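The values are calculated or read from the model by the stated rules, or taken from the named source; none is laboratory data. Here the structure is a predicted model, which is why all the values come from computation and not from measurement. Virtual Cβ from ideal backbone geometry, glycine too; neighbours counted across all protein chains shown.
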Amino acid sequence: MVSLRHRGFTLIELLVVLALIAILAAIVTPQYLDRVQEAREVALQQNLHETRKIIDQFYKDKQRYPQTLNELVELRYIRALPIDPITQQSSTWKLIKADAAGGGIIDLRSGATGLAKNGSHYASW
């Protein structure tokens, strides 16, 4: 008579598999986090570039700079305030005002603290 024996994994086999998964996760996680940071930096550069183009277009159209970023939204130059991908907020932008009478925003910079992967400060972009 054949005896049916239920086979399963031993505790040692399960521990070996879990150790291998942990080693693979330890190798992959830093690379993933680096890619996420690189993507945020590229998105920040793109947001700055596009918003600066919009400010320049506003000046060409109105012969003055916008008083606030919200004015760009209200006049439909942009659909929504850009988000700083590093701080993940739209309220942290550092606005640079014109010295001339009437002021207005001539440029903006990131309000993020810290250094980019290339060693420059986010606030200097």
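Every condition in (1) among the basic types (Lys, Arg); (2) under 19 Å from the mean Cα position of the chain (by Cα); (3) in a loop (DSSP other than H, G, I, E, B) holds for ARG40 except the one numbered (3). If you go through the range 101-125 and pick out every residue that is touching a strand residue (DSSP E or B) at 6+ places or on another chain (Cβ under 9 Å) and either modelled with pLDDT under 90 or of a type in the set (Gly, Ala, Ser) (or both), you end up with 8.
Inside the range 44-64, can you point out the residues that are more than 15 Å from ILE83 (Cα to Cα), part of a helix (DSSP H, G or I) and of a type in the set (S, T, N, Q)? Across the range 44-64, the qualifying residue is only GLN57.
Residue-by-condition table, conditions (1) in contact (Cβ under 8 Å) with a residue 24 or more places away in the chain; (2) under 18 Å from VAL42 (Cα atoms); (3) part of a loop (DSSP other than H, G, I, E, B):
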| position | (1), (2), (3) |
| --- | --- |
| ARG76 | no, no, yes |
| LEU81 | no, yes, yes |
| ALA100 | no, no, yes |
| GLY103 | yes, no, yes |
| ASN118 | no, yes, yes |
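THR29 - would you say it is modelled with pLDDT under 95, polar (S, T, N, Q), part of a helix (DSSP H, G or I) and surrounded by 10 or more Cβ atoms within 10 Å (Cβ to Cβ)? Criteria met by THR29. Of all residues in the range 1-37 being more than 30 Å from ALA116 (Cβ to Cβ) and of a type outside the set (A, V, I, L, M, F, W, C), which is nearest to the chain's Cα centre (by Cα)? The qualifying residue nearest to the chain's Cα centre (by Cα) is GLU13. Restricting to the range 92-112, what's the tally of residues that are touching a Gly at 6+ places or on another chain (Cβ under 8 Å) and not hydrophobic (A, V, I, L, M, F, W, C)? Number satisfying all stated conditions: 3. Checked across the range 85-107, the condition of being among the aromatic types (Phe, Trp, Tyr), in contact with a Ser or Thr (Cβ under 6 Å, 6 or more places away or on another chain) and surrounded by 11 or more Cβ atoms within 10 Å (Cβ to Cβ) holds for no residue.
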